[in-house]
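Read the structure below first, then the notes.
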Amino acid sequence: MSSPVPALALEAYRALVSLDTPFTPPSPAPPEEHPTLLRDLGEQLRLDGTEARLREELGARASHAMDARAWLRALLTVRRPSHAVPAVEGLSS
């Protein structure tokens, strides 16, 4: 027999996801910051092992002619989640 699904503490969930607050997207970075942001993102993906994992998975199929945009897209596609979702008081697990 399966256990019952734990009840969701609606108020805790509501506060966690700002359910009653309209979403306001952040302003995009100015174009002059794009190269720095992309360089920093690439460095982060190298340091966290994503690039090494992708190169290992691709092996001989890795194209050295791939442009930077396509390579970054590939890295972001295969990247694993790095942070666990924190426990929230009032929410059942």
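The values are calculated or read from the model by the stated rules, or taken from the named source; none is laboratory data. Given the structure is predicted, the values throughout are model-derived calculations rather than measurements. Here Cβ is always computed from backbone atoms with ideal geometry, including for glycine, and neighbour counts include all displayed protein chains. The protein model used for the area step is the full one, side chains on, heavy atoms only, and it has no ligands, DNA or RNA in it. Shrake-Rupley method; radii C 1.70, N 1.55, O 1.52, S 1.80 Å.
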- Task: Would you please name the residue that is farthest from residue 72 (Cα to Cα), looking only at residues in region 22-59 that are of a type outside the set (A, V, I, L, M, F, W, C), open to solvent by 100 Å² or more (accessible area, probe 1.4 Å) and part of a helix (DSSP H, G or I)?
- Result: 32
- Message: Conditions first: (1) at pLDDT 85 or above; (2) in contact with a helix residue (DSSP H, G or I) (Cβ under 8 Å, 6 or more places away or on another chain). Residue 48 passes all but one, so which condition is the exception?
- Response: (2)
- Query: Does any residue of region 14-21 turn out to be on the phi < 0 side of the Ramachandran plot, modelled with pLDDT under 85 and open to solvent by 90 Å² or more (accessible area, probe 1.4 Å)?
  - Reply: yes
